[in-house]
Amino acid sequence: MLHRHLAIIAASLSLIACQPQNETAQQESQTTEPAPAVEQQAVMQPVTAEAILAADNSGWRTHGRTYSEQRHSPLSQINTESVSELGLAWSFDLNSSRGIEATPIVHQGMIYVTSTWNVVYALDARSGAFLWEFDPKVDKEQAGKGCCDAVNRGVAIWGNNVITATIDGRLISLDAKKGTVNWDVLTIDKSKPYTITGAPRIIDGKIIIGNGGAELGVRGYVSAYAADSGKLLWRFYTVPGNPADGFENETMEMAAKTWTGEYWAAGGGGTVWDSMAYDPELDLLYIGVGNGSPWNQTIRSPEGGDNLFLSSIVALKPDTGEYVWHYQSTPAETWDYTATQHMILADLEINGEMRKVIMQAPKNGFFYVVDRETGEFISANNFVPVTWATHIDQETGRPVETEAARYSGKAPAPQLPGPLGAHNWHPMSYNPDTGLVYIPAQEGPWVYTDAENYEMKLGGWNTGTDFTFAVLPSDVATFKALKAAVKGRLLAWDPVKQEAAWSFEHKGPWNGGVLSTKGGLVFQGTADAHFAAYDAASGERLWRFFTQTGVVAAPITYELDGEQYVAVASGWGGSFVLGYGGVLPTGSQNNAGRLLVFKLGAADTLPELENVQLAELSIPEMLDVGEETIAQGLKVYANNCVTCHGDQAFSSGLVPNLRFSGITTNAEAWRSVVLGGSLAKSGMPNFGKVLSEADAEAVRAYVIAEANSGRDEEFYKSLSAAED
């Protein structure tokens, strides 16, 4: 019998959308008022720069707790001795069965958390009592242009207002006490495939926000908006535009010298979709810049060049957006090796000298320590196995690439890391007591190769690579061998020695963000539906709680009335889950996402898992087509559909499993959805301008062939079986 979600999907054909929802796009935003019985504090103290800098234990007022983004708390009531008494204090259903990536924000006894589709909840931080809910009614047609699930990483708070950024590119200010809208502004050109998944940062009343979309063809930028009005204050582009239009500033003119060809045709990429940090003493804002558009540099910049500021840390003046310095971790980026991963500021003693540093473990697999005053390279070493470079040259700070690193014109070959990275968006933490950085590290090979006859396609993926060779093999022996190479671990890294102190091996990749505390603990959720505490010095697991669904978000902690709480949002999803959650199952189920809050001595429980009667699913009849058509269908599917509907056309359950969808067996309905965009308003992209009718029909033939392959859910589960 197949898992219950396949039966539900088969019964509801409207769920064919890549991002399935039935509500119409861009409806009027809606706030649900608090229940009368809930008491709220009469006067809310506004959040200021001083409050964020003070970082008192009662709250968690910015994304990384402090501007330095260390995600380390001085709280110690929950410690290595007492953690065994930790229990669930309360939970709150976020009304979602997909990816939840939000870091909760806590202020004045209220906790703010976001769910799928940017719905904001305000709750009592002591009891979990509902205060208010705000649904921005996002334009789900725009969300269908996102690369990596309908996720977001939470809100920001400033003054008496909560700031949320939506997947359809809006920035919205809400009254923190009531949830009513102050203002709502659009930050993107909606004719282009921009999205926002990152959490805003706020510096001296300026909201800093970037966006995503480089896989689909955009030009990256980061912007500052006035917190009191939503007025655009400045915008810094991360890659140059068409020289014929003139350059915005001398910085862009300088960057353009590192590009060749008509690089602007596909936007160039360089989106600032996640990490930022701020040093108030130096008054420098640090942004992490993403991959190129397309990935393949031989297409993007055919005569070479470093392609600034792709895959770089860039320091800006937060008042004006003026460029100060940059460090590029992956010059001439061509593998989707973004530098948008979490950045941490710290003061470290290196060679007998105290240095103000910024630390990052980006996708490319090397851990970097850089001087945050000047951008000077200090040190780097690989924290996972890598095949694209042997080391980072100490004199130049540039990677020494292997002969096989650049795939253009070469035979396909596996490479580490792949585009999911050695470390993705999941936040790490730094404990100044142990001197260690705790990283959600992972390994996942990928096969890069050139795309044949590449053409820029608005509305489609524009990587310039052929994903066909990265599809997992169907024969069992090779599948198992590659699966064994996919790993995940909690890694304690010494940034001064540039070596591992310890690691805890998980069942697989895509585990949650990290919190460290003065209590000698490291907290992390995992893909296999657990939340655990580890000894910060040794890595020993000291406590664990079954969360029912996978945890990818990062935990926080706060103290109220003398009690320490630890909070984490659960909800299995994101790019790995969409692409590989079906064929590489972790044991996590797609159940209701929740906010889980723990404290010592508590003993609340989660509702029992729903027991749904399974239905038998019929396997569609094979289409009367040749092997060439099915092979073409695989190629088209791999380069357009796999990122949502799963490798080998086997869905994780977050979106429909096309193998068992009634629409797949109906040629007319299939064309209506795939080429006609009949479900575009629900988030399923319209491929009418990307695929031909023959391509669409070939995909249908391939999906039906996969349904007849005999590889069902039980097959994948048997290959992924592991002891708890």
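Neighbours of residue 73, meaning other residues whose beta-carbon lies under 12 angstrom from its beta-carbon, give a summed charge of 0 when Lys and Arg score +1 and Asp and Glu score -1. Between residue 93 and residue 538, full extension at 0.36 nm per residue minus the direct alpha carbon distance yields a gain of 156.8 nm.
In debye to the nearest 20, how big a dipole does segment 303-378 give about its Cα centre with +1 on each Lys and Arg Cβ and -1 on each Asp and Glu Cβ?
Working: 5 positive and 12 negative charges, 40 e Å.
Dipole size: approximately 200 debye.
Remark on residue 269: its backbone amide H falls under 5 Å from those of 218, 219, 220, 293, a criterion applied only to residues 5 or more positions apart or on other chains, H modelled at 1.01 Å from N. Computed over the chain, relative contact order equals 16 percent, with contacts defined as Cα pairs under 8 Å that lie 6+ residues apart.
Kindly identify segment 676-719 as rounded, prolate or oblate by the Cα gyration tensor criterion: order the square roots of the eigenvalues as a ≥ b ≥ c, call it rounded if a/c is under 1.5, otherwise compare a/b with b/c, prolate if a/b is larger, else oblate. Taking the square roots of the gyration eigenvalues as a ≥ b ≥ c, segment 676-719 is oblate.
Dividing the summed -39500 (n - 2.57) terms of all DSSP H runs of n ≥ 4 by the residue count of the chain sets its mean residue ellipticity at 222 nm at -3500 deg cm²/dmol.
Taking θ as phi - 60° and the Karplus parameters 6.51, -1.76 and 1.60, the scalar couplings of segment 494-507 work out to 8, x, 7, 6, 6, 8, 6, 8, 6, 8, 10, 7, 9, 5 Hz in sequence order, x denoting glycine and proline.
Note on the chain: antiparallel DSSP beta bridges, both residues inside, total approximately 100 percent of the bridges counted. The 3J(HN,Hα) values that the Karplus relation (6.51, -1.76, 1.60; θ = phi - 60°) gives for segment 221-226 are, in residue order, 7, 10, 10, 10, 10, 6 Hz. Gly and Pro appear as x. What lysines does residue 635 reach when the alpha-carbon gap must be under 23 Å and sequence neighbours fewer than 8 apart in one chain are set aside? Output for residue 635: 145, 410, 457, 480, 483, 689. Placing a pseudo-label 7 Å from each Cα along the Cα-to-Cβ vector at residue 190 and residue 503 gives an inter-label distance of 4.6 nm. For the chain, the direction-averaged projected area of the alpha-carbon convex hull comes to 28.8 nm².
Considering only 675, 716, 622, and ranking their Cα positions along the charge dipole of segment 618-719 that arises from unit charges at the beta-carbon of Lys, Arg, Asp and Glu, the one farthest toward the positive end is 675. A straight Cα-to-Cα reach below 22 Å connects residue 317 with the lysines 206, 231, 356, residues fewer than 8 places away in its own chain not being considered. In a shell of Cβ-Cβ distance under 15 Å around residue 626, excluding residue 626 itself, what net charge do Lys and Arg (+1) and Asp and Glu (-1) give? The answer is -2. Take each peptide in 490-503, 237-250, count the other Cβ atoms within 10 Å of every residue, and average; sorted highest first, the result is 490-503, 237-250. Taken over segment 618-719, the convex hull of the Cα atoms encloses 101 Å³ per residue. Listed by chain and number, the lysines whose alpha-carbon sits under 23 Å from that of residue 599, ignoring those within fewer than 8 places in the same chain, are 518. Dimensions of segment 262-373 from C-alpha coordinates, computed as largest minus smallest value along each principal axis and given longest first, are 45, 31, 22 Å. As I understand it, the dipole of segment 176-314 uses +1 on the Cβ of Lys and Arg and -1 on the Cβ of Asp and Glu, about the Cα centre. Which of 207, 254, 280 lies farthest toward its positive end? Ranked along the dipole, the leading option is 207. The loop-placed GluC sites (Glu not before Pro) in segment 652-724, going by DSSP, that have at most 11 neighbouring Cβ atoms within 10 Å of their Cβ come out as 723.
If we count every other residue with Cβ under 10 angstrom of residue 698's Cβ, Lys/Arg +1 and Asp/Glu -1, where does the sum land?
Numbers: positive: 635, 700; negative: 628, 693, 695, 697.
Local charge sum for residue 698: -2.
Read-outs throughout are calculated quantities, based only on the coordinates presented, and are distinct from any laboratory measurement. Keep in mind it's a predicted model, so treat the numbers as computed, not measured. For neighbour counting, all protein chains shown are included, and Cβ atoms are generated from backbone atoms with ideal geometry for every residue, glycine included.
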